[in-house]
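A.B. asks: Dropping the structure in here first, questions after.
The values are calculated or read from the model by the stated rules, or taken from the named source; none is laboratory data. Given the structure is predicted, the values throughout are model-derived calculations rather than measurements. Cβ coordinates were reconstructed from backbone atoms using ideal geometry, including for glycine residues, and neighbour counts include every protein chain displayed.
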Amino acid sequence: MKPHKLKKTELKYQDTFNKKELLYGSIIATFIAISPFLFNLYQSVPDIKVWNTLLFTYDSNYFESVYVVAWTLAGKLIPLMLMFIWFFTCKHWWYHTILVPIAMFIYQAIQTINSDLSWVDKNLILYMLPIMAIVIPSIYLIRAKMFHRINTTNKSMEELEAEFMLRPKGFWEKLKQYF
């Protein structure tokens, strides 16, 4: 049996796709690799109550130290960045559940910046309930549908995952799917 020969246009498209995929993968891998360095950027912030720079002045009322605010924000924003990378690159049927910790980290980062709080993680579950009320039942329904199909057809789990994916082609199409 002879191998299938690709036409010139198909080869050109395949090379372009592989180059784009390689570029995107390299950017993502770079962000993941430098995440420890990004986290440690808080160490360049002074340990003072009021920080005056050319761009802004930050007065730390609750934490009483800009250094502590920077450390707390780094602890929220770096995992948030990694969660976004995971969400947009995950190929499993359950990837929507990653929205729950994403929402949690966004909420915590906003609350950290809000200096009127008495505690950073106060009432988090109340704000998370609407997101969890949508994500958890939808994931359960997808799971139930998959197990029903497994029991009624002879498809493998991989075939079912591919059937349920129906994902957009690019980043912006995927982002538009949620907003």
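A.B. asks: Criterion first (in contact (Cβ under 8 Å) with a residue 60 or more places away in the chain, part of a helix (DSSP H, G or I) and surrounded by fewer than 15 Cβ atoms within 10 Å (Cβ to Cβ)) does ILE28 satisfy it?
C.D. replies: Yes; evaluated as a whole, the condition is true for this residue.
A.B. asks: Residues TRP93, TRP86, TRP119: which one is modelled with pLDDT under 80 and either within 16 Å of the chain's Cα centre (by Cα) or surrounded by 15 or more Cβ atoms within 10 Å (Cβ to Cβ) (or both)?
C.D. replies: TRP93
A.B. asks: Among the residues of region 42-62, write down those that are modelled with pLDDT of 85 or more, in a loop (DSSP other than H, G, I, E, B) and not polar (S, T, N, Q).
C.D. replies: VAL45, PRO46, ASP47, ILE48, LYS49, LEU54, LEU55
A.B. asks: Any residue in region 38-65 that is more than 26 Å from MET81 (Cα to Cα) sitting within a Cβ distance under 9 Å of a residue that is of a type in the set (Asp, Glu) and not in a loop (DSSP other than H, G, I, E, B)? List the pairs, counting only those 6 or more apart or interchain.
C.D. replies: Listed by first residue and then by second, the contacts come to LYS49/ASP59; VAL50/ASP59.
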